[in-house]
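First the structure, in the form of structure tokens, and then the observations on it.
The values are calculated or read from the model by the stated rules, or taken from the named source; none is laboratory data. Fair warning: this is a prediction, and the values are worked out from it, not measured in the lab. Virtual Cβ from ideal backbone geometry, glycine too; neighbours counted across all protein chains shown.
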Amino acid sequence: MPNVNERPICHRAEDLVTYLYGEASEADAKDFSLHLQQCNACRGEFGVFQQVHDSILVWRNEALGSAFNPAVRPVESAVELTRSVRDGRRLSALAALREFFTVSPLWLRGATAFAAVLLCALGVLTISRSWNRPVQVTNREPVVFPNSEREPKYSKQEVDEAVRAEIARLKEQQTSTPVNEGLTTRKPTGGDRRNQLANNLVRPKALRPRGLSRQEREQLAKDLRLIPRDEDELPFVLSDEPNQ
Amino acid sequence: MDLATNDEQMVERALSGDPEAFGEIVRRWERRIFALAFGMLGREEDARDATQETFLAAFRNLRGFRGDAKVSSWLHRIAVNQCITRQRRAKVRGETALEDEAEKNAAVFALPLDSSPARTAEKIERSMAVRRAVGSLPPDLRQVIVMKEFEELTFQQISEVLELPLSTVKSRLYTALRQLQMRLQKFGD
């Protein structure tokens, strides 16, 4: 490619580019073509500019030839984009989200994504916490059992009521059975014995109550200081036969 | 949509609530705007983004459109501003090295498979050289050469778009061609 700078510049530079791009009128084109035959500078520049023009055209055709692939035409995206901006009611939520991320700058996309992730995490945390929490029927304070891994399921009042009911039931049981049942000296017959065993009512021997002997009673009275050393201080007299 | 309806009438329709009017404007001008953006920016992806941004900006500022100018001129002006802004940002981010590599790869994939390696390499080098030469022009010269070579606008149209006298457009184009020749000379030697 010859160097243009080595040639003198003709004053008809504007006519040159007009002629080069075919925009000169018929008369002007004829006039300039005659000038080209006489002016070496313009002739040289015309040839050089035509090469530059051809090089740009080759690049343009290569580039735009691939760029204008129907599959990736920017037209469609631009049309859709403006249409969606124009008519927001037509957008689905997904399309609106997609459009938002397309139009937004990178920092805004990142911030939105981070906020969404944070929101999801908080939501999951809240749901998981509320899932494990027992349903509170009343506002009463629940009883917390120490060393218990499970959450309390009864209120304190409920527990108290249950305990009272159980105590009452036990008391009732005790009152319904004779007090001196264990003190009977009747020797059970073989049949009775079998019935007791069958009903699992036989008490262990060690737990069976028995009457105290006199000696034991006196010892107990002494231990409890119920017997004064002097006879005057005697508050009361122990009976010789307490169990009689 | 009626093709006889001119762009200015389309804008009026869009302003009066016609949902298809602006879409028609986009359909009419998107190829030229994309070509302009591609020539200015040198990368298909950037050009596509700039094209989208141009039409979005146009739609948002539709009410600010003055009827005394042509819609095409108005769109081109928005596109040129978008491209200059993008280039300024890219320059700040220092993306030129990566751009070159990406462009080279894109050019390799775009070429037909039956071309010989030597011819392929030469084509790639030539395209890269032209792209670099155009990209290295000052913005005022580059926009003129791109409008002329990529969009094939007339001098009159370019002067209307850039709001410059006709003679200024021609002299800028002449200067741009001279500078391009100097930059491409290395490749020809």
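If you go through the stretch B:26-66 and keep only what is at the interface with chain A (Cβ under 7 Å from one of its Cβ atoms), surrounded by fewer than 24 Cβ atoms within 10 Å (Cβ to Cβ) and over 13 Å from the mean Cα position of the chain (by Cα), you end up with B:Arg27, B:Leu56, B:Phe59.
The residue of the stretch A:22-56 that is nearest to B:Glu125 (Cα to Cα), among those that are surrounded by fewer than 18 Cβ atoms within 10 Å (Cβ to Cβ) and of a type in the set (Ser, Thr, Tyr), is A:Ser33.
Just to be sure, is A:Glu99 in a helix (DSSP H, G or I), at pLDDT 55 or above, farther than 30 Å from B:Ala133 by Cα and within 11 Å of chain B (Cβ to nearest Cβ)? In short, yes.
When you look at B:Ala121, is it aliphatic (A, V, I, L, M), assigned to a helix (DSSP H, G or I), buried (at least 19 other Cβ atoms within 10 Å of the Cβ) and at pLDDT 70 or above, yes or no? Considered against the rule, which asks whether it is aliphatic (A, V, I, L, M), assigned to a helix (DSSP H, G or I), buried (at least 19 other Cβ atoms within 10 Å of the Cβ) and at pLDDT 70 or above, B:Ala121 comes out as no. Evaluate the stretch A:105-117: report whether one residue or more is modelled with pLDDT under 80 and within 12 Å of chain B (Cβ to nearest Cβ). Yes: one or more hits.
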